[in-house]
Amino acid sequence: MTLNRPLHLIMMLLLAIAVAGCSSTGGRKKGGGYYKDDGPDANPPSNLDQVPDAVPRIEPYASGANRPYVVFGQRYVPDTTGQPYRKQGIASWYGKKFHGNSTSIGEPYDMYAMTAAHTTLPVPSYARVTSLVNGRTVIVRVNDRGPFHSDRLMDLSYVAAYKLGIIGPGSGQVVVESIGAEEIRRLASQGPAAPPPQPSSATGSQPVAEPVAAAPVALTPVALPATPQPARPAPAGGIGNVYLQVGAFSQPANAQTLVSRINAQLGAEGAPPAMMEQANNLYRVKIGPYPDRQSALNAVQQVSDRIGILPSIAAQ
């Protein structure tokens, strides 16, 4: 699990580790986690099947998190050469105990985002993870280090593990494949593509009838009278119903914090405002509306450059 704080290192590992990351060397498994007090939220969102895969893009590597490091006497050398990576092994997951803690590259860990931790893949980077048990495949953004356990290949976020069907057993055999710059450029040139429908999840929910990457779920806006947002000019061409989604949280306060930050960063540029929308127990942060899909696509890179988060297309 994520080893980000000195107190955590002292209490859980009794070692001075000079690198942030994940480790699955704690106590016995309980509820899928590798520390006995880890696991899912008491009331996880009911629509986790609808969380889209990470969208690969070319990002600059984080300097500090890609240097060689030593954990438990084992030296790890992150590979930033761009060489293809493909390996079979066991994937585990980490959950609420580390939700909100900083990852190796300084981003808060979100158990409901499609992310993962790996010992040597460059961070940030993207990987395709395929379950050898049920054939399901997800794409995750690697933004953390770990797991530091001899028989673990990757630590998945809670939602990524859920979509692969390994929440219940706690781990599962997978194949991890890096998604390199050449493939990212090819995917970008092809435009958004709909993935094949997934089988039923391990928790018994029904298959998604339509892939959400192609048609994101419509959500109901949440009124926020305590923090009203200033009016901004409507995008040219009229009001549309296309939005950019930049985050999803289990706690509304976290979502509202991101809304406020985005509006502070983009407000002076006359961009559409950010807002929070609720679907069951999940709070999504979206920017918009844009008059049409192409206008939203044209804004993706600018928004990403300004706020440091790659948005995805979402319809109202």
How large is ³J(HN,Hα), in whole Hz, for each residue of the stretch 283-288 in order, when computed from phi with the Karplus curve 6.51 cos²θ - 1.76 cosθ + 1.60 and θ = phi - 60°, using x for Gly and Pro?
10, 9, 9, 10, 10, x
If you look at just the Cα atoms of the stretch 93-197, how large are its Rg and its Dmax in Å?
13.6, 39
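Ranking request for peptides 250-262, 112-124: highest mean number of other beta-carbon atoms within 10 Å first, then the rest in descending order. Display every interim value, and only then the final one.
Details: 250-262: 18.1, 112-124: 23.8.
Listed from highest to lowest mean packing, they are 112-124, 250-262.
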What is the set of long-range amide H partners of Ala113 at a cut-off below 5 Å, with H atoms built 1.01 Å from backbone N?
Val159
Could you give the nm distance between label points at Val300 and Lys87, where each point is 7 Å from its Cα heading toward the beta carbon?
3.0
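By the scheme Lys and Arg +1, Asp and Glu -1, what is the net charge of all other residues having a beta-carbon under 10 Å from that of Val138?
Working: positive: Arg128, Arg136, Lys163; negative: Asp53.
Once positives and negatives cancel, what remains is +2.
Tell me, what is the FRET efficiency for Gln173 and Thr120 to the nearest 0.05, using R0 = 25 angstrom and their Cβ-Cβ distance as r?
Working: r = 19 Å, r/R0 = 0.78.
That gives a FRET efficiency of 0.80.
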Cα gyration tensor category, rounded, prolate or oblate, for the stretch 124-183 with a/c compared to 1.5:
oblate
Quick one: which of 135-141, 297-303, 91-97 comes out on top by average Cβ neighbours within 10 Å, and what's the full order, highest first?
91-97, 135-141, 297-303
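No value in this document is a laboratory result; all are computed from the given coordinates. As the structure is a prediction and not an experimental result, all values here were calculated from the model. In this analysis, Cβ positions are derived from the backbone assuming ideal geometry, glycine residues included, and neighbour counts consider all displayed protein chains.
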